[in-house]
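Reviewing the structure listed below.
The values are calculated or read from the model by the stated rules, or taken from the named source; none is laboratory data. Please read these numbers as outputs of a predicted model, since none were measured by experiment. Here Cβ is always computed from backbone atoms with ideal geometry, including for glycine, and neighbour counts include all displayed protein chains. Accessible surface is based on the protein model in full, side chains and every heavy atom, while ligands, DNA and RNA are left aside. Shrake-Rupley method; radii C 1.70, N 1.55, O 1.52, S 1.80 Å.
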Amino acid sequence: MPKSIPLDPETLLAEGVIRFSDIPVNTYKRTIDEERSVFSPEDFLAIWQDMSAIREFETILTEIKTKRLYKGVAYDHMGPAHLSLGQEASAVGMAFLLTPDDHIYGSHRSHGEILAKGLSAIRKIDDQALLDIMRAYLGGAILRPLEKGHRGSVKELAVKFLIFGAYSELFAKETGFNRGMGGSMHAFFTPFGSYPNNAIVGGSGSIAPGAALFKRVNRRPGIIVVNIGDASFGCGPVWEGLTFASMDQFRNLWDKDLGGGLPILFNCMNNHYGMGGQPLGETMGCQFIARIGAGVNVEQMHAERINGYDPLAVIDAFRRKMKVLAEGKGPVLLDVVTYRISGHSPSDASSYRTKEEIEKWQKADSLLSFKDRLLKARVFPASTLDDTRAGIESVVFEMFRLATDPDAAPRIALDSELIGQVMFSNGRLDKGDDRAPELLQDWSQNPRVQQIKGKVRTPLIDGKPVPKMKAFNVRDGIFEALAHRFSIDPTMVAFGEENRDWGGAFAVYRGLTEALPYHRLFNGPISEAGIVGASVGYALEGGRAVAELMYADFMGRAGDEIFNQLSKWQAMSGGLLRLPVVLRISVGSKYGAQHSQDWAAMVHHIPGLKVVYPVTPYDAKGMMNAALAGTDPVVFFESQRIYDYGEMFEEAGVPEGYYEIPLGEPSIKRAGTDLTIITFGPALYTALAAAKTLEAQYGISAELIDLRSANPLNFEPLLASVRKTGKVLLTCEAVERGCVMQSIAANLTQLAFDALDAPPVVIGSRNWITPAAELESMFFPQAQWLLDAIHERILPLGDHEPATNQTNGELARRLRLGI
Ligand SMILES: Cc1ncc(C[n+]2csc(CCOP(=O)(O)OP(=O)(O)O)c2C)c(N)n1
Ligand SMILES: [Mg+2]
């Protein structure tokens, strides 16, 4: 189904002006008396209580960080504490109307948001469900110390649970929401609808649109709120998230019954400071964060500036904007004016602002003014408000005390393997939902499937190699794996640049356009961070995403999303969240310095990612099948150089049916006895050519092993081979310095030193920019280089005349020059 968006020169070249509409600023004016028809007295009291809870929670932390003592309880909190004293009304206003189906994402300064969201959720969840949540969560570990002696209601117990779980998380205790693996800047509790908070400021900006995408695609109720600081609106990923969230296709091209624009509200907690820099008047030029909405889409994101010192103004805005989102007219942007009275962190001396300024905001304090208004309107006598505040303060203090108690709130043992155990979930997930997967046609009708039917899946046909045009190739292998999973898992979506009509930049997706509706395969904006970030958000919510980067060199544009987000959230959640994302990354050639580099080593270095690089049709299909059946993030490298290669190793050919190749198992592509050659990526084919020459010209039998996976990796087959041959050469097409093979070589040296006749030799590409296509043979390892290196450094090859300099002396010279 091709899209149809006609471009007419007459329209596009016609004269006109672009008109903007007014963006409301602090327009809320209702009195408490007027609000009595909207809020019950219990509502007013709840707002007051929640603001008081946050105030006390943060006050205790300030004291503990600065004095290590609060009301007789001594505690040394070593980690960070970014406090939000002053911002209570914004947090409580934000959370008040949200249900547990509405999910919030945030930043390093989110204690108040987590508490507000939790307190609001507790009011909306019935007692039995609350008990079920608390009993099930971490096997009841958080609940257990609280149940003893609790005499109040279930809801009161849940409030304790929330505060104890939050403090415990901050203090790195096992009774924390994330078993202490998240900490102050990353705490969250999904059963109450609070999702990952990000210490990479603005990080949630690219993730949250993926969460909203999940809600739309899978027709789930609720909205996504992403709380972002004002200074973080300078972050690229936030802008990419805005772009992603506001794509016209949601309303123009996607099935109407999905509900239209993404249900996401970008909520700027605008306290007017970064750490000390000021977006207003110094580091940004928009003056009002709300103005940004005007540049994003025609509706200007329904942007408004709101008085975040008045919880009722914030609630009023949320009420109106949630309606906008329900009507499919999202995204929305709110610019919530607030102020942090506390420093950026407790060590902050606030040297960047005056005492007078802080005093003015203290005078305008949202707790004082709200109380004052409630009293003036005679909603409650002062004693009711005072008692409520004292009551919640004592609960907060008690939970703080309990969280510092090593018996009630222990830390994981220092010799525990827990952190190692949560790095990967290593699970299986056939489908994320029981719905029937949405497909537009039967696969038998699909042109790509029909074309593949006529292809040869074995290495030979009539005893001869299969011509390229007829061979079932690497592309086809990946396609078949994707088609299979799309047919099983209704939550699976794929997106990236030029993914749909173009069929993916390298035609892997050709045929999927006909088979899948827009919401399962679509073009993202040219926003690598936005694309990878959205895949993270989509998976955090329970879906399976396949994101694509057109060239490995573009990983830089999605650096944070790959290195800090995709990789870390499973472990930072204490193993509670899963991240079934396959990030397809195509490695280029012939396109010069910025389109032809293999960056597998970068992700190999990052804990929490599975990194694979299959280069045969058999491996590509089997490993993609495994990646798509798992629950971990897999960075799946593909080489443009060999997309159209047929199967050359698997005698029986590539099965038509489903099979998996476990990630982490190297593959012996050719057995041998004299020398081991280990490859990663398309260097397999270079090494194969070298192995053939070694045999034909020098009578040397080389064992050829394709690593296929950099992490995890079973070293046993490598060690068995090296123990047999005593000699090993490793090669890949990444530049030699710091490449994956260096680390494999170092490990082999440690694990099999006694069996080696010579040190492992690594041959990668030169430590240069990738030159023009015409000069590539100077850059990428050639079969000749491998022969020369073997001759010079591993095993003299009789009368072999080296054509290139692969000596140790040359290696040392290059190292000295840094090239
Ligand atoms: C990517 C990134 N850059 C810089 C920092 C350091 N940092 C932590 S908080 C902060 C200021 C953020 O300001 P804002 O977004 O307004 O949030 P606020 O702290 O005011 O809540 C900075 C620069 C960071 N954590 N992440
Ligand atoms: Mg700020």
Pairing the Cα long axis of helix 127-136 with the longest principal axis of the chain, what angle in degrees results, from 0 to 90 and rounded to the nearest 10? 40
Got a sec to turn the phi values of region 610-622 into Karplus ³J(HN,Hα) couplings, 6.51 cos²θ - 1.76 cosθ + 1.60 with θ = phi - 60°, whole Hz, x for Gly and Pro? 8, 10, 10, 8, x, 9, 10, x, 4, 5, 4, 5, x
Please list 238, 296 from largest to smallest accessible area, probe radius 1.4 Å, with all protein chains kept in place. 296, 238
Could you tell me which of 258, 229, 243 has its Cα farthest along the dipole of region 218-267 towards the positive end, charges placed at Cβ (Lys, Arg +1; Asp, Glu -1), taken about the Cα centre? 258
Principal axis box of region 614-771, alpha-carbon based, largest edge first, Å: 43, 36, 32
For q values of 0.16, 0.18, 0.19 Å⁻¹, compute log₁₀ I(q)/I(0) with the Debye formula on a Cα-only model of region 281-366, without solvent. -0.79, -0.91, -0.96
Taking the Cα centre of region 729-819 as origin, work out the dipole magnitude from +1 charges on Lys and Arg Cβ and -1 charges on Asp and Glu Cβ, in debye rounded to 20. 420
Sticking with the crude label model, points 7 Å out along Cα→Cβ, report the distance from residue 18 to residue 148 in nm, one decimal please. 6.4
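Kindly provide the Kirkwood hydrodynamic radius of region 25-84 in Å, to one decimal, from all pairs of distinct alpha carbon atoms.
Taking every pair of different Cα atoms in region 25-84, averaging 1/r and inverting gives 14.4 Å.
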Compactness of region 729-782 as Cα Rg over 2.2 N^0.38 Å, two decimals: 1.31
Using the crude model of +1 on Lys and Arg Cβ and -1 on Asp and Glu Cβ, and no other charge, please compute the dipole size for the chain relative to its Cα centre, in debye to 20. 900
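Please work out whether region 357-498 counts as rounded, prolate or oblate from its C-alpha gyration tensor, where a ≥ b ≥ c are the square roots of the eigenvalues and a/c under 1.5 means rounded, while otherwise a/b larger than b/c means prolate and anything else oblate?
prolate
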Both in Å, the radius of gyration and Dmax of the C-alpha trace of region 1-129 are 23.1, 77
Note to self, the chain gives a 222 nm [θ] from helices alone (DSSP H runs n ≥ 4, -39500 (n - 2.57) apiece, / all residues, nearest 500) of -11000 deg cm²/dmol
Nearest 5 percent is fine: what portion of the DSSP beta bridges confined to the chain is antiparallel? 15
Going by the alpha-carbon gyration tensor, a ≥ b ≥ c the square roots of its eigenvalues, is region 596-691 rounded (a/c under 1.5) or, if a/c is not under 1.5, prolate (a/b greater than b/c) versus oblate? oblate
Tell me whether region 199-309 comes out rounded, prolate or oblate; compute the Cα gyration tensor, take square roots of the eigenvalues as a ≥ b ≥ c, and use a/c under 1.5 as the rounded threshold. prolate
Simple spin-label model, 7 Å along Cα-to-Cβ: residue 252 to residue 813 in nm? 5.9
Rounded to one decimal in Å, the inverse mean reciprocal Cα-Cα distance for the chain, i.e. its Kirkwood radius, is 28.9
Probe of 1.4 angstrom, ligands and nucleic acids ignored: what's the accessible area per residue over the chain, in square angstrom? 39
Sort 26-34, 279-287, 12-20, 517-525 by packing, meaning the average of other beta carbons within 10 Å per residue, with the highest value first. 517-525, 279-287, 26-34, 12-20
P(r) tail fraction, region 428-482 - alpha-carbon pairs more than 15 Å apart, %: 61
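What does the highest-first list of 785-791, 670-676, 167-173 look like by mean Cβ count within 10 Å?
With the highest mean Cβ count within 10 Å placed first, the list reads 167-173, 785-791, 670-676.
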Calculate the all-directions average of the projected area of region 488-548's alpha-carbon convex hull, and give it in nm². 3.9
Give the angle, between 0 and 90 degrees and rounded to the nearest 10, that separates the Cα long axis of helix 683-698 from the longest principal axis of the Cα atoms of the chain. 20
Which one of 297, 171, 718 has its Cα pushed farthest toward the positive end of the charge dipole of the chain, where Lys and Arg give +1 and Asp and Glu give -1 at the Cβ? 171
Two-site label geometry, residue 673 and residue 67: point separation in nm, points 7 Å out along Cα→Cβ: 8.1
Run the reach check for residue 376 against lysines, Cα to Cα strictly under 27 Å, same-chain hits fewer than 8 apart removed. What comes back? 29, 360, 363
So if I average 1/r over every pair of distinct C-alpha atoms in region 60-103 and take the inverse, what Kirkwood radius in Å does that give? 12.7
About the Cα centre of region 425-573, how large is the charge dipole given +1 on each Lys and Arg Cβ and -1 on each Asp and Glu Cβ? Please answer in debye to the nearest 20. 660
Radius of gyration and Dmax for region 734-819's Cα atoms, expressed in Å? 13.7, 43
Convert each backbone phi in region 418-428 into a coupling constant with the Karplus relation 6.51 cos²θ - 1.76 cosθ + 1.60 (shift: θ = phi - 60°), then list the ³J(HN,Hα) values in order as whole Hz, x for Gly and Pro. 3, 4, x, 6, 9, 4, 10, 8, 6, x, 10
The answer for residue 705, listing residues at least 5 apart or on another chain whose modeled amide H is closer than 5 Å to its amide H, is 669, 677, 678, 679
May I ask for the angle, rounded to the nearest 10°, between helix 716-725 and the longest principal axis of the chain, with both axes built from Cα atoms and the value confined to 0 to 90°? 30
For the chain, the charge dipole (Cβ of Lys, Arg +1; Cβ of Asp, Glu -1; about the Cα centre) points to a positive end, and the Cα of 40, 523, 743 closest to that extreme belongs to 40
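Order the peptides 202-210, 45-53, 592-600, 410-418 from the highest to the lowest mean number of other Cβ atoms within 10 Å of their residues. Could the numbers behind the result be given before it?
Working: 202-210: 31.7, 45-53: 23.0, 592-600: 20.8, 410-418: 11.2.
Descending packing order for the listed peptides: 202-210, 45-53, 592-600, 410-418.
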In Å, the C-alpha Rg and Dmax of region 495-652 are 15.1, 44
